[in-house]
1. Calculate one ³J(HN,Hα) per residue across the range 33-43 by plugging θ = phi - 60° into the Karplus curve 6.51 cos²θ - 1.76 cosθ + 1.60, and present them in order as whole Hz with x for glycine and proline.
2. Spin-label point model (7 Å from Cα, Cβ direction): what's the Lys343 to Asn121 distance in nm?
3. If each DSSP helix of 4+ residues adds -39,500 (n - 2.57) and the sum is divided by the residues in the chain, what number results at 222 nm, nearest 500 deg cm²/dmol?
4. Based on Cβ point charges of +1 for Lys and Arg and -1 for Asp and Glu, what charge dipole magnitude is obtained for the range 75-361 about its Cα centre, in debye rounded to the nearest 20?
5. Mind listing the long-range amide H neighbours of Met346? Cut-off is under 5 Å, sequence gap 5 or more, other chains count too, H placed in the peptide plane at 1.01 Å from N.
6. Ordered by residue, what ³J(HN,Hα) values in Hz, to whole numbers, does the range 88-96 give under the Karplus form 6.51 cos²θ - 1.76 cosθ + 1.60, where θ = phi - 60° and Gly and Pro are x?
7. Straight distance only, please: which lysines reach the Cα of Lys147 with their own Cα at less than 16 Å, same-chain residues fewer than 8 apart left out?
8. In the range 146-224, which trypsin sites (Lys or Arg not before Pro) are in a loop and have at most 15 other Cβ atoms within 10 Å, using DSSP for the loop call?
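No value in this document is a laboratory result; all are computed from the given coordinates. Keep in mind that what you see is a predicted model, and the values were worked out from it rather than measured. Counting neighbours? That spans all protein chains shown, and the Cβs are built from the backbone with ideal geometry, glycine included.
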Amino acid sequence: MQTLIINIKELLQVRDNPIDKVSGAEMAILPKIDNAFLLIEDNLIADFGSMANCPTIKADQTIDATGKTVLPTWCDSHTHIVYAGNRIQEFVDRINGLSYEEIANRGGGILNSAKKLNETNEEDIYNQSKVRLEEIMQQGTGAVEIKSGYGLTVDGELKMLRVIRKLAANYPIKIKATFLGAHAFPTEYKENHAAYIDLIINEMLPKISEGKLADYIDTFLETGYFSVQETEKIMEAGKKYGLIPKIHVNQFTAINGIKACVKYEALSVDHLEIVTDEDIEDLKGSKTMPVALPSCSYFISIPYTPARKMMAAGLPLALATDYNPGTTPSGNMNFVVATACIKMKMTPEEAINAATINGAYAMGISQTHGSITKGKSANIIITKPLTTYYEMAYSFTSNLIETVFIEGKAI
Ligand code: NIG
Ligand code: FE
């Protein structure tokens, strides 16, 4: 099956030679071809270039993209899409003056979602989660990482990871699974952290590994949650099962967690609303991708990741949604890109690089996703007619997507 897209006004993120990520000043460069064509064969990108070199073939399907922009689908490397119910009451409580911390201390927050998750059967959780997955695909996401972490029991964590696996089997979108048993301490372990960490290491991890249910391991490394030492213990245990760390860190406080994550060769460190000069030094020269989650900053009114400072230090940066019921009930990567431009002062080029190739890196899939490169998955967004792709950040509430292709098929 061949699909030929012709007369593309702007074809973005074209990379002849595969790259795994872009860092520092390179992030400002988004290679593009004006008046371009793109050829899809089955599920892969077969060819692309200027219309002057468009092949004269009789494709099964030809799409005229006059006036439109084509770019790779978004790579959302940090979500908690699998959950039960919602936390609308906490949202209203926050409007009325309570902080995220105060709500968590009253038994709300993550523990509230864990209670709902454990009371909901697997099929129901799957049905609730697939609606979110279908929604983000329509919004242009073609690859996504999904975490467990609302079970906090052996059964609950396994149930979540099985739902993630079933979503991956039933939908064309690329899905990576992360085990986040260390998301919060259940109430009964509040005074006995060691016992919960034992449960994670000695009961959850062996079962997850046996069922091949996760690609990565995560902890919420934060004051009041998992300490640096506790996180190191969990990263160490995960590595024995081949699970590479992707860690929640520096959301509310900087406690030298990034140094530990880099030491354990984490694939990514995510949140980074509070970043010190020392954290930036620790990331320099590492293979760890910093990931910013601007929709979370927006929704719970906390600082935005200091993107300009980090890029000026030569670091790469990825953007993701953090879609979850507590701090970010939104999986819209278009909003993430626009908000990164508006609030973090990233240029559209930097934001699109961060939401495509660098997001792919933060999921370990930059060899197959994140750019328009021959042989990569045919995951593309065709926009409505645009003045320029800058409109994607400028018209920040308009739906500018016309068609999304995932694995070569329009969804
Ligand atoms: O990434 N910070 C930790 N975890 C989630 C929020 C979890 C929740 O409140 O349900 C986050 O923001
Ligand atoms: Fe998160």
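1. Values per residue, Gly and Pro as x: 10, 8, 6, 10, 10, 9, 10, 10, 10, 6, 9 Hz.
2. 4.0
3. -9500 deg cm²/dmol
4. Dipole size: approximately 540 debye.
5. Long-range HN contacts for Met346: Cys341.
6. Values per residue, Gly and Pro as x: 4, 4, 5, 4, 5, 4, 5, 4, 7 Hz.
7. Leaving aside lysines fewer than 8 places away in the same chain, those within reach of Lys147 are Lys130, Lys159, Lys166, Lys174, Lys176, Lys212, Lys246.
8. Lys190, Lys212
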